[in-house]
Amino acid sequence: MIRVLEAVPNFSEGRDLEKIRALVDTVAAHDVDLLDWSADPDHHRSVLTYIGDPADVEAASLAAARFAVDHIDLRTHRGVHPRVGALDVLPFVPLHGLRMSDAVASAHRVGQAIADLGVPVFFYGHASQPPGRGLAALRRGGFEAIEAVFPESLRPDLPPHARSAHPTAGATCVGAREVLLAWNVFVSGITVADVRAIASKIRERDGGFVGLRALGLNLEGRGRLQISMNLEDPDRTSPLGVFAAIEAEVLARGGKVEGTEVIGMMPDTLVLPATADRLQILDPGSARVLSRRVAQYLEARTAGRPDISDITE
């Protein structure tokens, strides 16, 4: 069976396009399918999505980690998105022919290799022990909170004796998880305090939707307001329900929803045209639907394999 692993690394660089293209080229040089990449100057963050055989995905991820250590300096990094590392987050997602335990094994192998580069590693999601560790607590206070010394309550998994972050690359959060929806809703006509209040009302931590992480952000570079979200299980918690709640809160405050931006690939819950229209998705092209790209990958790999019925020895 063809095995397909996905990696969705997030890097603390969203402004230097030459550097970002070099990072993309570093990943693309390996035998993986690069499905998508995006960069946001206000978040000062770029996100890549690629799939392939676990060994190839691991190799591409380690090469990208080396690039981040060599080329991204958190001492001068400022953006609206929480971050602790040059390669800030590296999740692995089992897509075909793999179990979650396989993704965890990939996370642990790559995590060890990143730690060998001198960058402390925290495991999260299914890769942590016990499983289920979230990112919020790991990134609270950002790089500045761990630059000089790790707090007693926050020690890395690898190497366990590390006392402080890498001086320029910080620390990296390596995880294993299911497919999630990373998305941003743009709004206008309300205040920064309003978007922060709405984010607080809808996120799980404050009693809102199950599996929803949300921040209200002011994108000064673009002069826009944004509710930035991760929805951990879009099959369990409807994106339409979340969007409707946001829209109701925005309208009640005299504002307007301007559109939805999906980061990375779209899960099947967003495939239906009615859903894309209702969410006002800004770039709903079929090339960004994860299941379709995985099917294309499998078709291409299957076409290149011999029929075992023709093998006599």
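The residue pairs whose first member lies in region 215-235 and is without any contact (Cβ under 8 Å) to a residue 24 or more places away in the chain, whose second member is part of a loop (DSSP other than H, G, I, E, B) and surrounded by fewer than 17 Cβ atoms within 10 Å (Cβ to Cβ), and whose beta carbons are closer than 8 Å, counting only pairs six or more residues apart or on different chains, do not exist in this structure. Restricting attention to region 210-241, the residues that are crowded, with 21+ Cβ neighbours inside 10 Å, of a type in the set (A, V, I, L, M, F, W, C) and over 20 Å from Lys256 (Cα atoms) add up to 2. Within region 202-228, the residues that satisfy the criterion of being farther than 27 Å from Gly111 by Cβ and in a loop (DSSP other than H, G, I, E, B) are Arg203, Gly207, Gly208, Phe209, Val210, Glu220, Gly221, Arg222, Gly223.
Give the residues of region 1-36 that are hydrophobic (A, V, I, L, M, F, W, C) and within 18 Å of Ser228 (Cβ to Cβ), sorted by residue number.
Val8, Phe11
Selection over region 136-161 of residues that are loosely packed, with under 14 Cβ neighbours inside 10 Å and not in a loop (DSSP other than H, G, I, E, B) gives a count of 3.
Of everything in region 162-201, what is under 20 Å from the mean Cα position of the chain (by Cα) and not in a strand (DSSP E or B)? Give them in sequence order. Answer for region 162-201, where residues must be under 20 Å from the mean Cα position of the chain (by Cα) and not in a strand (DSSP E or B): Ala169, Ala171, Arg177, Glu178, Val179, Leu180, Ala199. How many residues are closer than 22 Å to Pro94 by Cβ and at pLDDT below 75 if we restrict to region 257-303? Looking only at that region, the number is 1. Quickly run through region 1-56 and pick out the residues that are among the charged types (D, E, K, R) and over 24 Å from His77 (Cβ atoms). Hits for region 1-56 are Arg3, Glu6, Asp31, Asp33, Asp53, Asp56. Where strands (runs of 3 or more DSSP E) sit wholly within region 1-114, those with at least 2 residues that are surrounded by 17 or more Cβ atoms within 10 Å (Cβ to Cβ), among the hydrophobic types (A, V, I, L, M, F, W, C) and free of Cβ contacts under 8 Å to residues at least 60 places away in the same chain occupy 33-40. With the structure loaded, tell me whether Pro130 is under 28 Å from Ser200 (Cβ atoms) and without any contact (Cβ under 8 Å) to a residue 12 or more places away in the chain or whether it fails that test. Here the answer is yes, as Pro130 does meet what is asked.
The values are calculated or read from the model by the stated rules, or taken from the named source; none is laboratory data. Please read these numbers as outputs of a predicted model, since none were measured by experiment. Every residue, glycine among them, receives a Cβ derived from its backbone with ideal geometry; neighbour counts consider all protein chains shown.
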